[in-house]
Amino acid sequence: MSDQKSNFECFAKLNDSIYALTGADREKFSNLLNISYKYPKGQETLNAVAFQGYSYMYESMFGVNGACDYDHKVVRLDSFRQQKDLAPILIHECTHIRQVERINEISNQKKTTDFIGSLNAYDFIKLNRALEADACAHQAAFAYQMKEDYPQVFETEMKTPMMQAYVGEMEKSGDETKAMQASFKAWYGYKRYQDSYEEMYVAQIRFNATERNKETNAVKKETTISNEQLTKICQHNGKPYISAAFFDRAENMAVSEKGKEALEQIGDQSVAKLPVRGAQNSKTPSPVLLKAAAARGR
């Protein structure tokens, strides 16, 4: 007998998972679930997380649409946004829940932050960029399905290159997997996200290094995550959809010069592997060229 839950069972479980001090928030969340369950991507994602033990709550987030606190098992949603606008955000945050489940399986740890916090700087950035790109790709897939019913929401989502890439590929090939791949890859070229997330990554990496260096945490060592493991975390229809080779490409691991300088201070040898964004345009001349130039100047 299958233990797979029906849409009704999962909806009911999620509907009871809202942490609310007022009936208005409960009513809003029911409305949000009703919108999300209209579409196959919503059903698939929400059914997968319904019994994961997470609570959901509305909060004044001041410019942040949503957040997934996986250690405390809470998904926070911006209380100032309309439910139709929050629907793609809910799918994004719930994709993070699914990622966490896979990370815990790979790392064999129950507390996700223990594993992520132990990663060296290079792999921390590689993992976290992949998590965001994957969540945005699933968000795009959901928003594409709701475009006819909620054109204004779709128009807002189309402001990001991840959504534009998804739609472009769907209109070209009609292949959802290729569209997911295009959306995922587009995340890495989005300067706004790269800048804002890098600032957070640098701060967290430095904090993690400090924690590892404390005497009470002396047993903690830097760990790594392989590209093959990353492909198992980022899945579409239960299968990896991004090649392992993608994650180590120089352009996908590049950081700002300022970011690399800040990371070099922590003594993490993996930082040396991080390319500096745009550095290829201003490479230092080779010793041979410098010697030749000096000879001409005599």
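When residues in the range 20-60 are screened for being in a loop (DSSP other than H, G, I, E, B) and either among the β-branched types (Val, Ile, Thr) or under 20 Å from PHE142 (Cβ atoms) (or both), 7 of them pass.
Inspect all residues belonging to the range 36-52 and state whether any of them is under 24 Å from ILE103 (Cα atoms), crowded, with 16+ Cβ neighbours inside 10 Å and at pLDDT below 95. No - not one qualifying residue is present in the range 36-52. The set of residues in the range 163-172 being surrounded by fewer than 19 Cβ atoms within 10 Å (Cβ to Cβ) and not acidic (Asp, Glu) consists of GLN164, GLY168, LYS172. Applying the criterion of being surrounded by fewer than 18 Cβ atoms within 10 Å (Cβ to Cβ) and over 27 Å from ASP78 (Cβ atoms) to the residues of the range 105-133, the residue that is modelled with the lowest pLDDT is LYS110. Of the helices (runs of 4 or more DSSP H) lying entirely inside the range 173-276, the ones with 1 or more residues being surrounded by 12 or more Cβ atoms within 10 Å (Cβ to Cβ), at pLDDT below 95 and among the hydroxyl-bearing types (Ser, Thr, Tyr) are found at 191-213. Beta carbons closer than 7 Å, at least 6 apart along the sequence or on distinct chains, pair a first residue in the range 11-30 that is surrounded by 13 or more Cβ atoms within 10 Å (Cβ to Cβ) with a second that is part of a helix (DSSP H, G or I) and charged (D, E, K, R) for ILE18/ASP25; ILE18/ARG26; ALA20/ARG26.
The values are calculated or read from the model by the stated rules, or taken from the named source; none is laboratory data. Fair warning: this is a prediction, and the values are worked out from it, not measured in the lab. Please note: Cβ atoms are built from the backbone with ideal geometry, for glycine as well, and neighbour counts cover all protein chains shown.
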